[in-house]
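The values are calculated or read from the model by the stated rules, or taken from the named source; none is laboratory data. In this text, all values refer to a predicted model and were calculated from it rather than measured experimentally. Note: ideal-geometry Cβ built from the backbone for every residue, glycine included; neighbour counts use all protein chains shown. Ligands, DNA and RNA are stripped out before the accessible areas are found, and what is left, the full protein with its side chains, is counted by its heavy atoms. Shrake-Rupley method; radii C 1.70, N 1.55, O 1.52, S 1.80 Å.
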Amino acid sequence: MSQQQDILRDAMRRLNLTRDAFSERLGIRRRALDTWLLPADSGESRAMPEMVGKFVAEILQREAQATAGADDRPLGQRIAAEGRPHLLSVAQFDRDSLEALFQVADVMQPIARRQKVTRVLEGAVLGSLFFEASTRTRVSFGAAFCRLGGTVCDTTGFTFSSMAKGESIYDTSRVMSGYVDALVVRHPEQGSVAEFARATNIPVINAGDGPGEHPSQAVLDLYTIQREFSRMGKLVDGTHVAMVGDLKYGRTVHSLIRLLSLYRGLKFTLIAPPSLEMPAYLLDLVARNGHVIEQTQSLEEGLRGADVVYATRIQKERFAGEEIEGYTPEFQIRKALVDALCKPDTILMHPLPRDGRPDANDLSIDLNHDPRLAIFRQTDNGIPVRMALFAVLMGVEHQVARSMRDAGWRSPAHIGPDDADFDGLD
Ligand code: NCD
């Protein structure tokens, strides 16, 4: 049985309704809906009356009948890459399959928050191959697999791998497939993870292929935007997203802009120094989907009125001799600037790592206590989203809810020492 929070979130997503519109449809007060959506263990959470639950189920059933004929294959097949259970690009998603994945991520939340445990991947082994620097992506994929009951074997860097001896991607991938049940791969060359995937029938997830894509990051970014917006009563459709920094080599923004373009009527302001602008093929794709794009080099112009500010790090390691001009310290996103140009409900995101030095052109640390700063809620969401990806690609997503047991240990109510400042944001 799904929890009432998951049922309600799923219903709002499927009906594309804000909390206000949804409570109106149900004929209840918005405040009541808010309390039913709070985590079950929060003091203010209330059980939704049985009648309301029945009404929601009825609305969803009617909605399902109206969309009969929609793709009802297992989600892993719907998002497959050329018929295989890989995640190589966000192009594998449409809006329905993406939202179905979010529903699985919602089911994972109590496990990600250490209240519940499951062993649906007991006995399975993940091979984690990182040929480029990584902390959060590598550890969060590993932790997600472990929290599903699996175990992880990993290797990092070229130096300690056989690739340093001239081994091909094909051989490495085929060899690893004999040892493990799924692979997560990060590699500096665009297209290289797809090459790993062609050499194996076990699931392969692209954890970043050079300046190409970073699909799991974009999925967790959009999941974060949806959850933050749900709390604020906003929809992704029609929103204004500002992307700042290295839009040429930043693979996270490449994947995210493609995913966002599945929604309707967005406005993008792309703020980058002249040599680091978003590639033309992505601008074309977004424009073809009917969205508005404005490019600027001015933070003042680009940030004004944005609902989401997505900052990125300059990817110096990928520079092919470019000199960046015009990337002055004025590019730093400081609290004073956010206060002057953004709204009380703007959210500030970053794939991390950010450059936290005082004069860095990045998201300033003077925003650390500002509730609009969503970066740690964003990293926390990496766990349920990556658990959902593994569960879907390995076909166990329907076993999770019924397999959950209470965790046998206690974890702190707030994971970070400053998280209490954000209490009630859920
Ligand atoms: C990013 C990456 O590796 O693409 N980090 C991440 O995975 N969260 C961004 C970066 O390195 O700047």
Long-range amide H partners of Asp154 with built H, under 5 Å: Ser128
Give me a comma-separated list of calculated 3J(HN,Hα) values for region 224-234, in order, Karplus coefficients 6.51, -1.76, 1.60 applied at θ = phi - 60°, integers in Hz, x for any Gly or Pro. 5, 4, 4, 5, 5, 5, 4, 4, 8, x, 10
Which one, Ala164, Ala47, Ala32, has the greatest fluctuation when you compute a Gaussian network model over the chain with C-alpha springs under 10 angstrom? Ala164
Helix-only [θ] at 222 nm, the chain, -39500 (n - 2.57) per DSSP H run of 4+, per residue, nearest 500, equals -11500 deg cm²/dmol
Going by Cα centres, region 219-254 and region 12-59 are how many Å apart? 25 Å
Just how much of Ile293 is accessible, in Å², when a 1.4 Å probe is used and the result is rounded to the nearest 10? 50 Å²
Contact order normalised by residue count of region 282-426, Cα under 8 Å, 6+ apart, percent: 20 percent
If DNA, RNA and ligands are ignored and the probe is 1.4 Å, what is the ranking of Asp209, Asp380 by accessible area, most exposed first? Asp380, Asp209
For region 267-281, 3J(HN,Hα) per residue [Karplus equation, 6.51 cos²θ - 1.76 cosθ + 1.60, θ = phi - 60°, Hz, x = Gly/Pro]: 10, 10, 10, 10, 10, 8, x, x, 8, 10, 7, 4, x, 4, 5
Using a simple spin-label model with points 7 Å from Cα along the Cα→Cβ vector, what separation in nm is obtained for Arg25 and Thr296? 3.5 nm
Checking rank on 383-392, 128-137, with mean other Cβ inside 10 Å and highest first, the result is 383-392, 128-137
From Cα pairs below 8 angstrom and at least 6 apart in sequence, can you work out the relative contact order of region 1-69, rounded to a whole percent? 30 percent
Using all Cα-Cα distances in region 172-303, what percent lands in each 10 angstrom bin from 0 up to the longest? 12, 35, 30, 16, 6, 0
FRET E, pair Glu58, Arg136, Förster distance 56 Å, beta-carbon r, rounded to 0.05: 0.85
Counting only protein heavy atoms and rolling a 1.4 Å probe, one gets per residue an accessible area for region 1-69 in Å² of 58 Å²
Mind checking the full-extension length gain between Lys165 and Asp96? Use 0.36 nm per residue of separation minus the Cα-Cα distance, one decimal, nm. 20.4 nm
Ignoring any ligand, DNA or RNA, what whole percent of the accessible area of region 1-69 comes from carbon and sulfur when the probe is 1.4 angstrom? 52 percent
If every alpha-carbon in the chain counts as one equal scatterer, what log10 I(q)/I(0) does Debye give at q = 0.09, 0.10, 0.11, 0.13 1/Å? -0.57, -0.71, -0.87, -1.24
Roughly how many Å² is the accessible area per residue of region 278-353, as a whole number, for a 1.4 Å probe? 49 Å²
If you roll a 1.4 angstrom probe over the protein chains with everything in place, what fraction of the accessible area of region 232-321 belongs to carbon and sulfur, to the nearest %? 48 percent
Area of Lys316 that stays accessible when all protein chains are in place (1.4 Å probe, Å², to 10): 140 Å²
Taking amide H positions as placed 1.01 Å from N in the peptide plane, with prolines and chain starts having none, which residues 5 or more places from Arg46, or on another chain, fall under 5 Å of its amide H? Trp36, Leu38
Among the lysines, select those whose C-alpha is under 18 Å from the C-alpha of Lys165, and discard any that sit fewer than 8 residues away in the same chain. none
Relative contact order (%) - the chain, alpha-carbon pairs under 8 angstrom, separation at least six: 17 percent
If r is the Cβ-Cβ distance from Ala47 to Asp419 and R0 is 25 Å, what FRET efficiency results, to the nearest 0.05? 0.45
For the charge dipole of the chain, defined by +1 on Lys and Arg C-beta atoms and -1 on Asp and Glu C-beta atoms about the Cα centroid, which residue among Leu262, Ser177, Val286 has the Cα displaced farthest towards the positive pole? Ser177
What lysines sit close enough to Lys267 to cross-link, taking a C-alpha to C-alpha distance under 24 Å and skipping anything fewer than 8 places away on the same chain? Lys234, Lys248, Lys335, Lys343
